[in-house]
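Peer 1: Before we start, here is the structure in question, set down as structure tokens.
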Amino acid sequence: MDKDILKGILNNDHRTLSRVITQIIDNKDIYSRFYQDIYPYTQKAIRIGITGPPGAGKSTLIDQLIQAIIDNKKSVGVIAIDPTSPYTGGALLGDRVRMNKFTWNDSVFIRSMGSRGDLGGLAKRAQDVGDILAASGKDIVIFETVGVGQGEYDVIKAVDITVVVLVPESGDEVQLMKAGLIEIADFFVINKSDRPGATRLATSLKSLLHNNHGKFRLEPPVLNTIANIGTGTIELYNELFTHLKLMDDKGIITQKQLDRHRNRVFSLIQNKLLKEFWTSKRLVELEQHTKDVGSIKSSAYEIARQIMDATKHD
Ligand SMILES: Nc1nc2c(ncn2[C@@H]2O[C@H](COP(=O)(O)OP(=O)(O)OP(=O)(O)O)[C@@H](O)[C@H]2O)c(=O)[nH]1
Ligand SMILES: [Mg+2]
């Protein structure tokens, strides 16, 4: 049974992929050492993160990228993080995923997962799903997120290249700086460039990036696209891979891989310790300490100390 799952994944059997991914999204164990078994097959895929405000055209762009990828005889897996659907229930293809026309293609696997109600585990699950898609032999794994919560931010940091999609109305430089987009982006796309202001935003963004790029980072390219009619999308595909090559030559990709490996180990241990600590008994204790206004007489530090001290007598 275990070996069947592994074989199914490595043979790119989409039904097995679907089943295993559902288990990951529902936070169920597959079998012990599963991740150890697939690990050797997870390292080749290029991981691309695509983020930006709601409705910026991310899915439409990804749809165009998928076409370019299969036209170039490559394969792709897409994970769309959907803030509208609750985390449970493992949405199959959310309404927001517009890539349905590729459903029956062996080189394309698309899955959406909800982010709502998932406390802290979103990035872990998204990366695990990414590993399954990589192990199935997909050359490219794309993560789509709306740039909102910490969970989405963690997903988008754990990739080889982060693409930030803006629209002409996305605002001025100050707003972009405040939103933290300048720090996470390796690549900017200004979509909906059929609208006024696209050229102006591109020009001011380019000068902002030129003046701010750090010593070891490459200056992110800025590209204009009109995704719904396919304008600029072939250029986007080509530029993305050219830029990835430049990043790789500078050792940036390796550094990102090391960072995300380290972060994964760190959060696995952190989550395991937290889970072990917060037994139902201790959760009840916490509940008792904080159940009404009258009960919060002690400082948070004192309550923490009491709960931790009590553990010594367990
Ligand atoms: N005018 C114009 N409309 C576009 C363009 N690209 C996409 N759209 C439209 O914008 C709408 C939103 O596109 P999506 O691709 O769903 O955007 P998204 O960023 O994936 O949206 P969420 O996942 O909901 O955040 C759709 O109706 C698209 O057809 C564009 O370049 N110009
Ligand atoms: Mg979308």
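The values are calculated or read from the model by the stated rules, or taken from the named source; none is laboratory data. Here the structure is a predicted model, which is why all the values come from computation and not from measurement. Virtual Cβ from ideal backbone geometry, glycine too; neighbours counted across all protein chains shown. These area figures cover heavy atoms from the full protein model, side chains too; ligands, DNA and RNA do not enter into them. Shrake-Rupley method; radii C 1.70, N 1.55, O 1.52, S 1.80 Å.
Peer 1: Go through Lys73, Lys101 for me and flag whichever is among the basic types (Lys, Arg), more than 16 Å from ligand 1 (Cβ to nearest atom) and either at pLDDT 90 or above or surrounded by fewer than 19 Cβ atoms within 10 Å (Cβ to Cβ) (or both). Step through it out loud before you land on a result.
Peer 2: On the way: Lys101 fails: more than 16 Å from ligand 1 (Cβ to nearest atom).
Being among the basic types (Lys, Arg), more than 16 Å from ligand 1 (Cβ to nearest atom) and either at pLDDT 90 or above or surrounded by fewer than 19 Cβ atoms within 10 Å (Cβ to Cβ) (or both) holds for just one of Lys73, Lys101, which is Lys73.
Peer 1: Okay, next question. For the stretch 227-244, name all the residues that are within 12 Å of ligand 1 (Cβ to nearest atom) and either more than 20 Å from Gly197 (Cα to Cα) or open to solvent by less than 30 Å² (accessible area, probe 1.4 Å) (or both).
Peer 2: Ala227, Gly230, Gly232, Thr233, Leu236
Peer 1: For the stretch 146-157, does any single residue satisfy the condition of being of a type in the set (Val, Ile, Thr), open to solvent by 30 Å² or more (accessible area, probe 1.4 Å) and within 16 Å of ligand 2 (Cβ to nearest atom)?
Peer 2: Among the residues of the stretch 146-157, at least one is of a type in the set (Val, Ile, Thr), open to solvent by 30 Å² or more (accessible area, probe 1.4 Å) and within 16 Å of ligand 2 (Cβ to nearest atom), which makes the answer yes.
Peer 1: Are any residues in the stretch 76-98 at pLDDT 65 or above and open to solvent by 70 Å² or more (accessible area, probe 1.4 Å), and if so, which ones?
Peer 2: Thr84
Condition check ((1) open to solvent by 10 Å² or more (accessible area, probe 1.4 Å); (2) hydrophobic (A, V, I, L, M, F, W, C); (3) in contact (Cβ under 8 Å) with a residue 12 or more places away in the chain) across all residues:
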residue: Lys3; (1), (2), (3): yes, no, no
residue: Thr22; (1), (2), (3): yes, no, yes
residue: Asn27; (1), (2), (3): yes, no, yes
residue: Tyr41; (1), (2), (3): yes, no, yes
residue: Ile48; (1), (2), (3): no, yes, yes
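Peer 1: Please verify whether Arg47 is at pLDDT 95 or above and more than 12 Å from ligand 1 (Cβ to nearest atom), treating the condition exactly as stated.
Peer 2: When the stated conditions are applied, Arg47 passes them.
Peer 1: Among what's in the stretch 255-314 and is open to solvent by 80 Å² or more (accessible area, probe 1.4 Å) and touching a residue at least 60 places away in the same chain (Cβ under 8 Å), pick the residue that is farthest from Tyr35 (Cα to Cα).
Peer 2: Ranking the qualifying residues of the stretch 255-314, first place goes to Asn263.
Peer 1: Tell me, please, whether a residue that is within 12 Å of ligand 2 (Cβ to nearest atom), modelled with pLDDT of 90 or more and in the same structural domain as Ile182 (by TED's automatic domain parsing) can be found in the stretch 26-43.
Peer 2: There is no residue in the stretch 26-43 that is within 12 Å of ligand 2 (Cβ to nearest atom), modelled with pLDDT of 90 or more and in the same structural domain as Ile182 (by TED's automatic domain parsing).
Peer 1: Return yes or no: is Asn211 within 10 Å of ligand 1 (Cβ to nearest atom) and either free of Cβ contacts under 8 Å to residues at least 24 places away in the same chain or crowded, with 19+ Cβ neighbours inside 10 Å (or both)?
Peer 2: no
Peer 1: Only residues in the stretch 215-243 that are closer than 17 Å to Ala202 by Cβ count as the first member; pair them with residues that are surrounded by fewer than 15 Cβ atoms within 10 Å (Cβ to Cβ), Cβ under 6 angstrom, at least 6 apart or cross-chain, and list the lot.
Peer 2: Cβ pairs passing all conditions: Glu219/His213; Ile226/Asp194.
Peer 1: Now for a separate question. How about the stretch 173-289: which helices (runs of 4 or more DSSP H) wholly inside it have at least 1 residues that are of a type in the set (D, E, K, R) and over 30 Å from Ile66 (Cβ atoms)?
Peer 2: Working: elements: 173-178, 181-184, 198-212, 233-249, 252-277, 280-289.
Result: 173-178, 198-212, 252-277, 280-289.
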